[in-house]
Every structure is written in C-alpha cells, then in structure tokens.
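Before any comments, here is the structure.
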Amino acid sequence: MLEALTGTGLATAAGLNAYVPLLVIGVLGRWTDLVDPPVGWEWLSNEWVLVVLGVLLLLEVVADKIPGVDSVNDVVQTVVRPAAGGIAFGAGSTSQTAVVSDPGAFVESGRWVPVVVGIVLALVVHAAKATARPVVNAATLGIGAPLVSTAEDATSVGLSFAAILAPVLVLLVIAGLAIAWWRLRRRRATRAGTGVEADGAPPPLVG
C-alpha cells in the first residue's frame, strides 16, 4: 500500500514538473539511504543523468513562468511529463524493468503495470495544469503565471519528498490539488454563464 502511495505521489509530482521527482529519486538514491532504486532503475542515480535532469529542470522552471511560453512548453511536456510519471512510479513502487525477449511473458509478469499507471496519473495532472494555465493568464493578464508556476514547482517538490518520507501525506496533497482544480473549473463555468470575460469585464457589444 505504501509503495503504491509512493509511486502515486511521484507520478503526480511529475505531472506538475517532469524533472523534480526524478531528481529527488536520483539525488536521494545516490547520496542517502532513503532511496534504494530497484533493479533496472539504478541509472537515475548516475551523476551524468543528474546533471542532465538539473539542466532540463532549470529550463522548465524558466519557461513555465513566462506567459505564452508556458503554454508552448505545456505542449512539449505532453510527452515528457507522462513519460517521467511512468519512470517515477516504476522506480518509486520498486518495480523492475525487464528485457522484452518474450512479449507474452513480459505481459503476464505485470511489470508494465506500474509504468502505465504512472503515465496515466501524470497525464491527467498535466492535462489539468495545461488547461488551467491559459485561464490563469487571461484572468491576471499574465501576472499570475510565475506565481502559479512557482506554487506548482513547490507542490511537486513537496509531493516528491512526501511520497518518499511520508507516503500517507500523498492523499492529502492530491485531495488539495483536486479541490483547487474543481474551484478553478467552477469559477470559469460561473464566468461563462454570466457572460463575464476572464478579466472581469463584460463581453463587447456586437452590432
């Protein structure tokens, strides 16, 4: 159960920022005893992998805070974040990779299940993030982009560490994310129903 929560937390964190949970796993696996990457995932603790992840994280942090650029970045991350979620869930739930010499045996082994679950979780979170960002940008004239992005990065970091150190907390964080998403959707629906644009002004008259 705890392993499933750990994997869930890491995959959810990857949906917000693909590189944070992978870096957390790699750094803790290399320099602490808190994480012991299972067979097939040891490469996450490789120094060169950590350097590459660090550079990619820096680029992601910057791009995600620039209005307009953040949406373009979200399109690119549609592939990256789910992939990272699959890796994070697989490593976090102590699953093992396998050489697919016998596809039938590989499918029956169930080793692919954690990776697929991680991909789906990260994709759902990514879709919610990518959908919400244009709404936030329009409502705040772009001012909210760096603030929301910083909050997402902080949540990804906190969720990654919580998933490893206190997996039960993952449930609380995910519940909080779900509530925040629901409130944003409700506010958007209310504005659409009252004919008010995202910036609070009434729609222009036509004719």
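The values are calculated or read from the model by the stated rules, or taken from the named source; none is laboratory data. Being a predicted model, the structure only gives us computed values, none of them experimental. Note that each Cβ is placed from the backbone with ideal geometry, even for glycine, and that neighbours are counted across all protein chains shown. Note: accessible area is taken over every heavy atom of the protein model, side chains too, but ligands, DNA and RNA are not part of it. Shrake-Rupley method; radii C 1.70, N 1.55, O 1.52, S 1.80 Å.
Data table
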| quantity | calculated |
| --- | --- |
| Complete set of residues in the stretch 1-42 that are more than 24 Å from Ala127 (Cα to Cα), modelled with pLDDT of 90 or more and of a type in the set (Phe, Trp, Tyr) | Trp31 |
| Where a residue in the stretch 133-148 is within 10 Å of Asp70 (Cα to Cα) and its partner, wherever it lies, is surrounded by 15 or more Cβ atoms within 10 Å (Cβ to Cβ) and basic (Lys, Arg), with Cβ under 9 Å and at least six apart | Ala145/Lys65; Ala145/Arg133; Pro146/Lys65 |
| Scan of the stretch 117-136 for residues that are more than 17 Å from Val20 (Cβ to Cβ) and open to solvent by less than 20 Å² (accessible area, probe 1.4 Å), ordered by number | Ala132, Arg133 |
| Where Gly110 falls short, out of the listed (1) at pLDDT 75 or above; (2) open to solvent by less than 50 Å² (accessible area, probe 1.4 Å) | (1) |
| Residue match in the stretch 119-132 (condition: in a helix (DSSP H, G or I), over 17 Å from Ala13 (Cβ atoms), modelled with pLDDT under 95 and not aliphatic (A, V, I, L, M)) | yes |
| Helices (runs of 4 or more DSSP H) completely within the stretch 1-83 that count 2 or more residues being more than 21 Å from Ala166 (Cα to Cα) and in contact (Cβ under 8 Å) with a residue 40 or more places away in the chain | 47-63 |
